[in-house]
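J.: Here's a structure for you.
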Amino acid sequence: MTEKRPGRGPRIEVGVVMGSESDRPTMEEAVRVLDEFGVGSELVVRSAHRAPDAAASWARSARERGLRVIIAGAGGAAHLAGAMAAHSRLPVLGVPLASSPLGGFDALLSTVQMPPGVPVGTLAVGSWGARNAAHLAVRILALSDPSLMRRIEARAGGAAPGADAGRSRDSRGERGAAPGRRGAAGKRPPRTALGE
Ligand code: C2R
């Protein structure tokens, strides 16, 4: 299923692809960050396992459709980001999702351990990864877009990275303090699914 962003918005430069409709709530977090920076995106479901031809043709046509970065989120035996990198020369950012009983560790290893020459920049598990994939995509695009770089600088102005810790979530999508920070009560944040 393809879901195009509304027609009158900014040019669509980031393709956010996910392995299943069930990944949508997490991957929408990436779209929300892109929206905050005014970066146009499309959010689609493609599965390298279940519909490999459709996934390959989406990746192969990505560049000519104007995309400049692909964000791919998938859980379990997550081959989607790797398949995107195999079929496109665009930068691919992989988001391992915690959708199986292994809590995302399976998806993390499947996504991160790509052979040399077929790179997937792998982010954290779950919503942290989805959000950071979007932030990284924005930084990539800003290298050739001075006004976007100014928006990044304006947003960072005075606020240290992680200043949105109040609404941060851990890798299971649960709310908590940012890593390395202590919560209001001075306690350590909750452990992640990967046993931080
Ligand atoms: P369902 O909820 O549809 O059963 O999917 C999806 O990303 C999802 O997290 C369960 C999980 O299967 C993942 N999936 C992949 C791929 N396709 C679907 N990892 C793929 O091509 O890598």
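The values are calculated or read from the model by the stated rules, or taken from the named source; none is laboratory data. Just so you know, these numbers come straight off a predicted model, no measurement behind them. Here Cβ is always computed from backbone atoms with ideal geometry, including for glycine, and neighbour counts include all displayed protein chains.
J.: Looking at the structure I just gave you, is Arg50 out of contact with any helix residue (DSSP H, G or I) (no Cβ under 9 Å at 6 or more places or on another chain) and under 22 Å from Phe105 (Cα atoms)? Talk me through it step by step, then tell me what you get.
T.: Working: out of contact with any helix residue (DSSP H, G or I) (no Cβ under 9 Å at 6 or more places or on another chain): yes; under 22 Å from Phe105 (Cα atoms): yes.
In short, yes.
J.: Output the residues belonging to the stretch 11-69 that are in contact with a Phe, Trp or Tyr (Cβ under 8 Å, 6 or more places away or on another chain) and among the hydrophobic types (A, V, I, L, M, F, W, C).
T.: Filtering the stretch 11-69 for residues in contact with a Phe, Trp or Tyr (Cβ under 8 Å, 6 or more places away or on another chain) gives 15, 17, 44, 46.
Those that are in contact with a Phe, Trp or Tyr (Cβ under 8 Å, 6 or more places away or on another chain) and among the hydrophobic types (A, V, I, L, M, F, W, C): Val17, Val44.
J.: Could you tell me which numbered condition His135 fails, if it satisfies all but one of (1) within 13 Å of the chain's Cα centre (by Cα); (2) under 14 Å from Met18 (Cβ atoms)?
T.: Exception for His135: condition (2).
J.: Here is a follow-up. Among (1) within 16 Å of the ligand (Cβ to nearest atom); (2) acidic (Asp, Glu); (3) in contact with an Asp or Glu (Cβ under 9 Å, 6 or more places away or on another chain), there is one condition Glu42 misses while meeting the rest; what is its number?
T.: Just one mismatch for Glu42, condition (1).
J.: Considering every residue within the stretch 20-38, establish whether at least one is modelled with pLDDT of 95 or more and more than 23 Å from Trp128 (Cα to Cα).
T.: Filtering the stretch 20-38 down to residues modelled with pLDDT of 95 or more leaves 20-38.
With more than 23 Å from Trp128 (Cα to Cα) added as a condition, the list becomes none.
There is no residue in the stretch 20-38 that is modelled with pLDDT of 95 or more and more than 23 Å from Trp128 (Cα to Cα).
J.: Considering Met27, Met18, which residue is under 22 Å from Ala142 (Cβ atoms) and either over 15 Å from the mean Cα position of the chain (by Cα) or within 13 Å of the ligand (Cβ to nearest atom) (or both)? Even if it seems obvious, please write down each step before you answer.
T.: On the way: Met18 fails: under 22 Å from Ala142 (Cβ atoms).
From the options Met27, Met18, the qualifying one is Met27.
J.: I've got another one for you. Please enumerate the residues belonging to the stretch 95-126 that are crowded, with 24+ Cβ neighbours inside 10 Å and within 10 Å of the ligand (Cβ to nearest atom).
T.: Within the stretch 95-126, Val95, Pro96, Leu97, Ala98, Gly104, Ala107, Thr111 qualify.
J.: A follow-up question, please. Take the conditions over 12 Å from the mean Cα position of the chain (by Cα), within 13 Å of the ligand (Cβ to nearest atom) and either at pLDDT below 95 or buried (at least 24 other Cβ atoms within 10 Å of the Cβ) (or both) and apply them to Gly7. Does it pass?
T.: On the way: over 12 Å from the mean Cα position of the chain (by Cα): yes; within 13 Å of the ligand (Cβ to nearest atom): no; either at pLDDT below 95 or buried (at least 24 other Cβ atoms within 10 Å of the Cβ) (or both): yes.
No: the conditions fail for Gly7.
J.: Considering only the stretch 41-49, I want to know if a residue exists there that is touching a Gly at 6+ places or on another chain (Cβ under 6 Å) and surrounded by 14 or more Cβ atoms within 10 Å (Cβ to Cβ). Let's see the steps before the verdict.
T.: Of the residues in the stretch 41-49, the ones touching a Gly at 6+ places or on another chain (Cβ under 6 Å) are 42, 47.
Cutting the leftovers down to surrounded by 14 or more Cβ atoms within 10 Å (Cβ to Cβ) gives us 42, 47.
Yes, some residue in the stretch 41-49 is touching a Gly at 6+ places or on another chain (Cβ under 6 Å) and surrounded by 14 or more Cβ atoms within 10 Å (Cβ to Cβ).
J.: Let me ask another. Taking only pairs six or more apart or across chains, which ones have beta-carbon atoms under 6 Å, a first residue in the stretch 67-91 that is within 21 Å of Leu141 (Cα to Cα) and modelled with pLDDT of 95 or more, and a second residue that is within 13 Å of the ligand (Cβ to nearest atom) and hydroxyl-bearing (Ser, Thr, Tyr)?
T.: What qualifies is Ala81/Thr111.
J.: Additional query: Out of the residues in the stretch 50-93 that are of a type in the set (Lys, Arg) and either within 14 Å of the ligand (Cβ to nearest atom) or not in a loop (DSSP other than H, G, I, E, B) (or both), which is surrounded by the fewest Cβ atoms within 10 Å (Cβ to Cβ)?
T.: Filtering the stretch 50-93 for residues of a type in the set (Lys, Arg) gives 50, 60, 63, 65, 68, 89.
With the extra rule that they be either within 14 Å of the ligand (Cβ to nearest atom) or not in a loop (DSSP other than H, G, I, E, B) (or both), the set shrinks to 50, 60.
On the way: Arg50: 11, Arg60: 13.
Of everything passing the filter in the stretch 50-93, Arg50 is surrounded by the fewest Cβ atoms within 10 Å (Cβ to Cβ).
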